[in-house]
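Below is one structure. I have some questions about it.
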Amino acid sequence: MASLQWLMIMAAAPPANADEVPEYTFSSNIGVATDYISRGLRLNWNRPALQGGAEVVHRSGGYIGANFSQLTDQYYANGSVEVDLYVGLRQPFDDMLSYDVGLGAYFYPGANYRDAVPKGAYPDKRYDTVEAIFGISYRWLNLKYSRCLTDYYGYDDHTVPLSIWNSGVSGGVEPGKRTRGSGYYEANASFDIGHEVSVGLHIGRQVVTHSSKLSYSDYKISGTKTLPHDWSATVALSSTSGAEIYNDFISVNGNGQTLDIGGTHWVFSVNKAF
């Protein structure tokens, strides 16, 4: 799952003179967060995660980029990192309105459902996912829809069958069904409140097709302080609703640990831009 709003829409005003804009613009960053929270779910088991990324943008609006984050094998069987690759086009309609269309592919090297405990209970299937992304941005507000072109992180009736989860909630993917076509709807807003501080607001809705109890909503409020030498620090409060099935989630690596993957949590991160 994409983290840190990696695939958020970026509003861009058209330049007064295209010749003044470099043909290519490169940016990169690296940082650490107290956990990896993506779409409201805690994916590094309440442990710090090293994260980073890079992006190249052509002055036409075309872009390509990559991001990574550490994650835990307690949620992704035999997984330790998420690598996201994305490509697309951002174009302004005018000074305030722009659109974004692209593809995002999320890879989990080495991670496979067959490695989940109990061994032999799950099929040979990867978590890798591809989404088509459509967005529009107006000034400080952006709206985005991401649609799965593959199964939603490997979910089908064999990898996530209908059952009673450790949370006590009964749910899963309906028999004979898959989750291709699942969608994530989100709205994001960002405000500069002065003193090099910005506030971000987010609301999202994950809809998992052909499933029971797997769809949920998430919310986040964050504050980011710009620091000297291209450093920044962010504190965020993330919460979910309708994600009770993920409560008391039992580790898939067989160590017996449990964790509320959803719910309400604080996360702190520091980041260096280059």
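In whole percent, and with a 1.4 Å probe on the protein chains, what portion of the accessible area of the chain is carbon and sulfur? Display every interim value, and only then the final one.
Working: 7860 of 13120 Å².
The nonpolar share, carbon plus sulfur, comes to 60 percent.
If the only charges are +1 at each Lys and Arg Cβ and -1 at each Asp and Glu Cβ, what is the size of the charge dipole of the chain around the Cα centre, to the nearest 20 debye? Don't jump to the answer; show the numbers that get you there.
Working: 20 positive and 27 negative charges, 109 e Å.
Dipole about the Cα centre, nearest 20: 520 debye.
Around SER238, what is the net charge, scoring Lys/Arg as +1 and Asp/Glu as -1 over all other residues with Cβ under 15 Å from its Cβ?
Details: positive: ARG39, ARG42, ARG205, LYS220; negative: ASP35, GLU186, ASP218, ASP260.
Computed value for this residue: 0.
Under a Cβ-only charge scheme (Lys and Arg +1, Asp and Glu -1), can you give me the dipole magnitude of the stretch 142-210 about the Cα centre, in debye to the nearest 20?
Numbers: 6 positive and 7 negative charges, 51 e Å.
With only Lys, Arg, Asp and Glu charged at Cβ, the dipole is about 240 debye.
So what is the accessible area of the chain per residue, in Å², with the probe set to 1.4 Å? Working shown, then result.
Working: 13120 Å² over 274 residues.
For the chain, the solvent-accessible area averages 48 Å² per residue.
With the Cα gyration tensor of the stretch 200-254 giving a ≥ b ≥ c as the square roots of its eigenvalues, does the rule (a/c under 1.5 for rounded; else a/b larger than b/c for prolate; else oblate) give rounded, prolate or oblate? Write out the running numbers ahead of the final one.
Numbers: a/c = 3.28, a/b = 1.94, b/c = 1.69.
Prolate, since a/c reaches 1.5 and a/b exceeds b/c.
How large is ³J(HN,Hα) for each residue in the stretch 231-237, as worked out from phi by the Karplus curve 6.51 cos²θ - 1.76 cosθ + 1.60 (θ = phi - 60°), to whole Hz, x for Gly and Pro?
8, 8, 10, 10, 10, 9, 10
Sticking with this one: From the residues GLY104, SER80, ASN271, which one has its Cα farthest along the dipole of the chain in the positive direction, the dipole being from +1 and -1 charges on Cβ of Lys/Arg and Asp/Glu about the Cα centre?
SER80
Sticking with this structure for a sec: Which Cα, out of ALA233, ALA243, SER222, lies furthest along the positive dipole direction of the stretch 198-252 (beta carbon charges, K/R +1, D/E -1)?
Going by the Cα projections, it comes out as SER222.
Which length gain, in nm to one decimal place, applies between ALA121 and ALA189 when the Cα-Cα distance is subtracted from 0.36 nm times their residue separation?
On the way: separation 68, 0.36 × 68 = 24.48 nm, distance 4.29 nm.
Fully extending the segment from ALA121 to ALA189 adds 20.2 nm.
When the convex hull of the Cα atoms of the stretch 106-206 is projected onto a plane and the area is averaged over all directions, what value comes out in nm²? Could you put the intermediate results ahead of the total?
Numbers: hull surface 37.0 nm².
Mean shadow area of the hull around the Cα atoms is 9.2 nm².
With charges set only on the Cβ (+1 for Lys and Arg, -1 for Asp and Glu), what does the dipole of the stretch 92-221 come to about its Cα centre, in debye to the nearest 20? Don't skip to the end; give the middle numbers.
On the way: 13 positive and 15 negative charges, 108 e Å.
Rounded to the nearest 20 debye, it is 520 debye.
The values are calculated or read from the model by the stated rules, or taken from the named source; none is laboratory data. The structure displayed is predicted, hence computed values, not measured ones. Positions of Cβ are backbone-derived with ideal geometry, glycine not excepted, and every protein chain shown enters the neighbour counts. In case anyone asks, the SASA skips ligands and DNA or RNA and just uses the protein heavy atoms, side chains included. Shrake-Rupley method; radii C 1.70, N 1.55, O 1.52, S 1.80 Å.
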